[in-house]
Amino acid sequence: MKDNTDTYSFRGQRSDETVALVTKQHIWLLMPIMLVWLIIIVVVGVALLGFGASKITSIVIFSTLIIGVLYSFYFWFMWNGCDYIVTNQRVIKIDQVSLFGRVISEAEIHRIQEISTEIKGPVRTMLNFGTVNIKTASDNSQLSLEDVTDPYDVQQAIVQIQKQALEPTRVPRQV
């Protein structure tokens with residue numbers, strides 16, 4: 001979870017809206033990049049050991065490196081484009097679905113009826129990331145914050161904001 005919520009702002013932010021929490025998907029989701037680079041190292045090693053240094057191996061190595069860099073950038077761009085923002089008025093999910101496609105979903109705090117967390121599997125349990133499911137008063141409407149870091153903390157932050165938003169403002173009694 002990011003701690004710079006005092007200075008964080010986003011497009012579409014309401015004038016009376018304050019950011020309480022900004023988080024992303026867990027960094028473990030970038031692990032495929034590491035696997036791709038491991039494969040690239042193996043391919044480069046096999047090309048050099050099997051064929052020696054030649055024009056063909058140079059082309060294979062260069063092509064493999066270009067593909068690896070492009071894949072890494074694409075995967076990082078997709079991961080970095082997904083943000084989860086919790087404000088005092090709503091929960092916003094910004095999801096990068098392709099290089100030129102983004103889906104933004106939101107749930108108003110006062111319309112949230114149920115919040116649950118789900119952590120499945122040993123890796124997610126050990127690294128503490130999972131899904132926060134938010135059900136709203138709309139017909140079958142659910143907002144899922146997938147692979148979020150510290151899902152229980154995110155859930156509790158939303159519950160606290162919801163409690164604050166639903167508390168009636170106390171007017172002092174006149175005596």
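The values are calculated or read from the model by the stated rules, or taken from the named source; none is laboratory data. Because the structure is a prediction, the values reported are computed rather than measured. Don't worry about glycine lacking a Cβ; one is built from the backbone with ideal geometry, like all the others, and counts go over all protein chains shown.
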Legend entry - Top-ranked residue in the range 54-68 [being within 14 Å of V36 (Cβ to Cβ) and of a type in the set (A, V, I, L, M); ranked as surrounded by the fewest Cβ atoms within 10 Å (Cβ to Cβ)]: I66
Legend entry - Among (1) over 20 Å from the mean Cα position of the chain (by Cα); (2) surrounded by fewer than 18 Cβ atoms within 10 Å (Cβ to Cβ), the one test that I112 misses: (2)
Legend entry - Failed item, numbered, when V91 is tested on (1) surrounded by 17 or more Cβ atoms within 10 Å (Cβ to Cβ); (2) modelled with pLDDT under 90; (3) within 30 Å of A137 (Cα to Cα): (2)
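Residues that are among the acidic types (D, E): list the strands (runs of 3 or more DSSP E) wholly contained in the range 58-122 that include at least 2 such residues.
Working: elements: 83-87, 90-98, 101-108, 112-118.
Ranges flagged: 101-108, 112-118.
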Legend entry - Boolean, I33 is farther than 30 Å from N133 by Cβ and in a helix (DSSP H, G or I): no
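Would you confirm whether any residue within the range 157-170 is in contact (Cβ under 8 Å) with a residue 60 or more places away in the chain, of a type outside the set (A, V, I, L, M) and under 15 Å from T23 (Cα atoms)?
No, the range 157-170 contains no residue that is in contact (Cβ under 8 Å) with a residue 60 or more places away in the chain, of a type outside the set (A, V, I, L, M) and under 15 Å from T23 (Cα atoms).
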Inset, instruction - Give the residue, chosen from I85, I104, I92, I115, that is over 21 Å from Q160 (Cβ atoms) and in contact (Cβ under 8 Å) with a residue 12 or more places away in the chain. - result: I104
Inset, instruction - Answer yes or no as to whether I66 is out of contact with any strand residue (DSSP E or B) (no Cβ under 7 Å at 6 or more places or on another chain), outside the structural domain of N133 (by TED's automatic domain parsing) and modelled with pLDDT of 90 or more. - result: yes
Legend entry - Top-ranked residue of the range 125-156 - restricted to ones that are in a helix (DSSP H, G or I) and in contact (Cβ under 8 Å) with a residue 24 or more places away in the chain, ranked as surrounded by the fewest Cβ atoms within 10 Å (Cβ to Cβ): Y152
